[in-house]
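Inspection log for the structure reproduced underneath, given as structure tokens.
Derivation of every value follows stated rules applied to the coordinates shown; laboratory data play no part. Predicted model only: the values in this text are computed from it and were never measured. Glycine also receives a Cβ, built like all others from the backbone with ideal geometry; neighbour counts cover every protein chain displayed.
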Amino acid sequence: MQLYSLTVHQLSELMAQKKISSVELVNAYLERNKEIEDKIQAFITHTREEALAQARIIDEKRMQGDELSPLAGIPVAINDNICTAGLKTTCASNILNNYIPPSDATVVTRLKNAGSILIGKTNIDEFAMGSSTEYSGFFQTRNPYDLEAVPGGSSGGSAAAVAAGEAAFALGSDTAGDIRQPAAFCGVLGLKPTYGYVPRTGLISYASSLDQIGPLARDITDLALILNVILGHDPKDSTSATVDVPDFKAGLVNDVKGLRIGLPKEYMGAGVEAKVAAKIQEAIKQLEDMGATCVEVSLPHTEYAVAAHYIISCAEASSNLARYDGVRYGLRVEAEDVLSMFKQTRSQGFGDEVKRRTLLGTHFLSSASYDEYYTQALKVRTLNKQDFDQVWAQVDCLLTPVSLTTAFKIGEKAQAALAMYLSNFCTIPANLAGLPALSLPFGLADGMPVGLQLIARHFDEQTLLRVGYSLEQNTDQTSLKPDLDR
């Protein structure tokens, strides 16, 4: 039995039945890591000794009969833009190469309290700015299904780690599809919760009004167990919602009868690869066969969402990244005066994509351009949200592709910024509106995973899990595994 290929709930049951120990489980993942990490390169920082020490504590508690969370003893990987006390958190950037946070992010604290075991920090596009992990300041993570293809981004390391069996689940961050797109490219599940449902305390900011932490896992039940732990109000986060958190695991049902599922016509245009479109049609037929009603709807301002998103996100990045000046923390490059020190520190510390977005954001916020760009982008954001508000009167959730294509080759879009930005065409609108959205694998096309995206009303993650769980229970297309022994 390959422990690293099992789901969180399967592993939890084995430990509860004392068929395996947490130490055995952690060792299985560490051994898997030794076997394949050179191929995948998912991790920036490993925590081998710390993980084993924590596993021993969990085993002792279990032997003493303590009541433990379903996540207790389960190895987790965490994006390297989510703070971990006493452990490097670099944002895959040279400017934070040696930064050690003084405290954990709220989600990390909640996972630790649940007994989850941190097995390492994963690679991302620098400061989460990218869609392929090619913009990491350190190295390129590779797709477990094709080592010459990207894993997606920015949470590419987390998606690749879960797909390759290097972690049982992971936490990533999603600003433009940064959880969902790599989940789709790597054949795992990824969920961007409603904005404000998961605390952002300790998430190093890129675009504060868009960033959201969420899980990557192998099935819907695992997502439910993780959401039960990480969701909920945090008084330290001013954007944290005061909304009750249901028991997502108890709410899982294999039934879509009576649900109305919208098919936004704007997401199925000429840019969608035929093989991706074919998989979407298979999913539609499956849902209809199970009793759901699928109807075409329109979100007319979708075509403006990408431009609006990048104006807003770049503007917020310009503000958020101003703190990296060589004075307070991070890299400092000495120079003859303070202004030169600022310039040299930021020039040497930031990569090209971060510089590009920061400069664009500074331009958008300038007095000459503010009204022409930033104000207009905020208006488009409102129109985008109103589009969604109108379709909720007709349907319970939406079904779209996650990406217009399957995973592309390394280097294919790295030098074409516009093509890279458009790879998030299907995922960006949910970020602008703050809506929950799920990426669910649905089979392979030419050997590469295809992801379905489900979008629901604010704080209606239960509908996403219901539809995903029903598909999972009635098809064999949602459970994918790469062949890394080839």
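Quick notes on this one:
- Rg to Rh, two decimals, where segment 1-69 supplies the alpha carbon set and Rh follows Kirkwood: 1.00
- Extreme residue, positive dipole direction of the chain, given options GLY330, PHE459, ILE20 (C-beta unit charges): GLY330
- For the cross-link pairs LYS18/LYS88; LYS275/LYS355; LYS257/LYS279; LYS34/LYS112; LYS249/LYS275, the ones whose C-alpha atoms lie over 29 Å apart are LYS18/LYS88; LYS275/LYS355; LYS249/LYS275.
- In this Cβ point-charge picture (+1 for Lys and Arg, -1 for Asp and Glu), segment 113-194 has a dipole of about 240 debye about its Cα centre.
- Principal axis extents of the Cα atoms in the chain, from largest to smallest and rounded to whole angstrom, are 64, 53, 47.
- Cα-centre dipole for segment 166-220 with unit charges at Cβ (Lys and Arg positive, Asp and Glu negative), debye to 20: 100 debye
- Sorted by Cβ neighbour density within 10 Å, fewest at the top, the residues GLU31, GLU266: GLU31, GLU266
- Rg/Rh for segment 403-486, where both radii come from Cα atoms and Rh is the Kirkwood radius: 1.03
- Estimated translational D of segment 313-365 in µm²/s (Stokes, Kirkwood radius over Cα pairs; 20 °C; 1.002 mPa s): 190 µm²/s
- Gain on full stretching of the segment that runs from ASN113 to VAL327 - 0.36 nm per residue minus C-alpha separation: 73.6 nm
- Charge dipole of the chain about the Cα centre (unit charges at C-beta), most positive-ward option of ASN254, SER5, LEU203: LEU203
- For GluC sites (Glu not before Pro), the sites in segment 104-188 that DSSP calls loop and that have at most 15 other Cβ atoms within 10 Å are GLU148.
- Of all DSSP beta bridges in segment 36-128, antiparallel share, percent nearest 5: 45 percent
- Under the criterion of Cα pairs below 8 Å and six or more residues apart, the relative contact order for segment 50-156 equals 25 percent.
- Listed peptides 67-78, 18-29, 106-117, 273-284 appear in the order 67-78, 106-117, 18-29, 273-284 once ranked by packing, highest mean of other Cβ atoms within 10 Å at the front.
- As computed over segment 92-149, the Cα convex hull volume per residue (Å³): 118 Å³
- Cα-centre dipole for the chain with unit charges at Cβ (Lys and Arg positive, Asp and Glu negative), debye to 20: 340 debye
- DSSP-defined beta bridges in the chain - what % are antiparallel, rounded to 5: 65 percent
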